[in-house]
Structures are given as structure tokens and as C-alpha cells.
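Engineer: The structure under discussion is supplied below as C-alpha cells; questions concerning it will follow.
Values quoted throughout were computed directly from the atomic coordinates according to the rules given, and no laboratory measurement underlies them. What you are looking at is a predicted structure, and each value in this text was computed from that prediction instead of being measured. Ideal geometry is used to build each Cβ from the backbone, glycine not excepted, and the neighbour counts take in all protein chains shown.
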Amino acid sequence: MLATARRITTLYRASAKSSSSRLLVSMLTCSSSYEDAIDRLMELQNISSVVRNAELRAKQGKGQADKLRNDNVRVTNVYLKRLGITSEDLKKLNVIHVAGTKGKGSTCALTESILRHSGYSTGFSSSPHLMEVRERIRLNGKVISRDLFAKYFFEIWDQFKRMELTEDPSLPPRYPSFIKYIVVMSYYVFIKEQVDVAVVEVGLGGRFDCTNVIQDPAVTAVTHLGYEEYPSVPALSFSSVAEA
């Protein structure tokens, strides 16, 4: 796992070089196109945390890495609060939260389709994407447009940029990592677009998943759970299902 994580880091650094000059230009010119949004989002790829967790598991065992992962929900909540999003705002989204190893994506898609065809306006947050990052956020069955993605991305980015930060070491950095940014942005978009219901697919899953900022979902669904893909994740470990 550690060797794989390091190879991913090497590949990421190589690909990042090609976009670094475009990113610098966009930041200096305050450009806010879809391409600029993607460049900035790619800079938030938290590959270093993958390596750090792998190294901690190799050197110190599972416990220390779990402490870092356990911070996901707290940190995501901090970013939501920085945007003025409260638990009550999230509750109004009537979230349908879907977890599982196999079938959660198709379950989300079918659920969203049924609700949309029943007359409800819908939001759908999924992962991963196939071609473009914006596929992770859908409104009424359609992938969010490039213009709307850029609009909301930079609304969030600018709010984080203007924020006065203290030196409190317990607080996260100014900008969230890639995954947390997309999760926070999904909720932000759904609130702004005033959807009737939001269908949210978990990421890796388990109690450490940052989508768990939803404390009071309208519905929680769990599809088939498997063990073979991520045996180290508590939600997918036979002996730890209750804990997760």
C-alpha cells in the first residue's frame, strides 16, 4: 500500500507541473472560468495524506491513522460553518444518505429518478466521476453546467480566501482537500438551488466518511457490504460493522 501511495504521489506531482503555470496566471488575473476552477481544485488533491496514513499504518499501526481519519467529519463541519451552513440548513435538504460496497451508485440513481419523475426537484452527489469532476454534482438529473460549477466554486473559494484565520492548531487550513471541497460544495449548491431532496452517495464509507456531517437524514440506506476491496476500513470489516 505504501509503495502504491508513493507511486500515486509521483504521478500527481508530474501531472501538476503541466497545470501550475495556468494556475498561477489565473490566480494573478483573478480569472474564474471552469478551467480555472478545475486547476485550483486539482491543487487541493490531498495525496500527501494518503502517503502519511500509509506510513503511519506501517510504522505505528492502525490506531494513529484512524485518529486522522476520524477528524474528517469535524473538519468538514468547520468548513460548512465558515460558509454559514448550519445543521438546520442541511436538514432542510431532506437528504437520502446511501452507503454500501456494491450498488450504492445505482441505488442513488434510481432513487433520484423516481423522486424527480414524481415532481420533486433533486440534487445528487456521487463519486467518483468518469470524465469531469462536475459529474459529481447533479441538479434535476443533469450534471451541473460548467458555468454554474465555476460560479459556485469561486463563491466558496472567495469566502475561504477572505476569512480571517486564527493560529489555533486545532483548526483546519484555509482551503479543504479535494474530496472535502466537493462534499462541501455539493451541499452548498443544493442549498442555493433550493432542491426538495438531496441524494448523497458516501465516499469510502464508514463512520469516518466526511458525508456524515448529515446528522439527521430523511432516509439512510445501506446496500450490499463487501470485505474484499477495503479490508482496513471499519465499515467493511466483519468484526467492526457495529462500531462503524
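Engineer: What FRET efficiency, computed as 1/(1 + (r/R0)^6) with R0 = 25 Å and r the Cβ-Cβ distance, is obtained for SER170 and ASP89, rounded to the nearest 0.05? Could you put the intermediate results ahead of the total?
Structural biologist: On the way: r = 24 Å, r/R0 = 0.95.
Once rounded, the FRET efficiency stands at 0.55.
Engineer: Sketch the reach of a paramagnetic label on ALA218 as a point 7 Å from Cα along Cα-to-Cβ, and name the residues of region 112-138 whose backbone nitrogen lies under 18 Å away.
Structural biologist: The answer is 112-126, 138.
Engineer: What does the net charge come to around LEU139 if you take all other residues with beta carbon closer than 11 Å to its beta carbon, with K and R at +1 and D and E at -1? Mind showing how you got there, number by number?
Structural biologist: Details: positive: ARG116, ARG134, ARG138, LYS142, LYS192; negative: GLU112, GLU193.
Within the 11 Å Cβ shell, the charges total +3.
Engineer: Another one. Which whole-Hz ³J(HN,Hα) couplings does region 123-139 yield from phi under the Karplus relation 6.51 cos²θ - 1.76 cosθ + 1.60, θ = phi - 60°, glycine and proline marked x?
Structural biologist: Along region 123-139, the couplings run x, 9, 10, 9, 7, x, 9, 9, 10, 9, 4, 5, 4, 6, 10, 10, 10 Hz.
Engineer: For VAL222, which sequence-distant residues (separation of 5 or more, or a different chain) have an amide H within less than 5 Å of its own amide H, given hydrogens modelled in the peptide plane?
Structural biologist: ALA99
Engineer: Mind listing the long-range amide H neighbours of VAL199? Cut-off is under 5 Å, sequence gap 5 or more, other chains count too, H placed in the peptide plane at 1.01 Å from N.
Structural biologist: ILE96, GLY123, PHE124, SER125
Engineer: How large is ³J(HN,Hα) for each residue in region 89-94, as worked out from phi by the Karplus curve 6.51 cos²θ - 1.76 cosθ + 1.60 (θ = phi - 60°), to whole Hz, x for Gly and Pro?
Structural biologist: Taking θ as phi minus 60°, the curve returns 4, 5, 4, 5, 6, 6 Hz for region 89-94.
Engineer: Something else about it: Rounded to the nearest 0.05, what FRET efficiency do MET42 and MET163 have when you use their Cβ-Cβ distance and R0 = 22 Å?
Structural biologist: For MET42 and MET163, the calculated efficiency is 0.50.
Engineer: Kindly rank 155-166, 207-218 from highest to lowest mean number of other beta carbons found within 10 Å of each residue.
Structural biologist: 207-218, 155-166
Engineer: Post the alpha-carbon centroid distance, region 142-168 to region 72-101, in whole angstrom.
Structural biologist: If we compute the Cα centre of each part, the gap is 16 Å.
Engineer: In region 92-219, what % of DSSP beta bridges are antiparallel (nearest 5)?
Structural biologist: Roughly 35 percent of the DSSP beta bridges within region 92-219 come out antiparallel.
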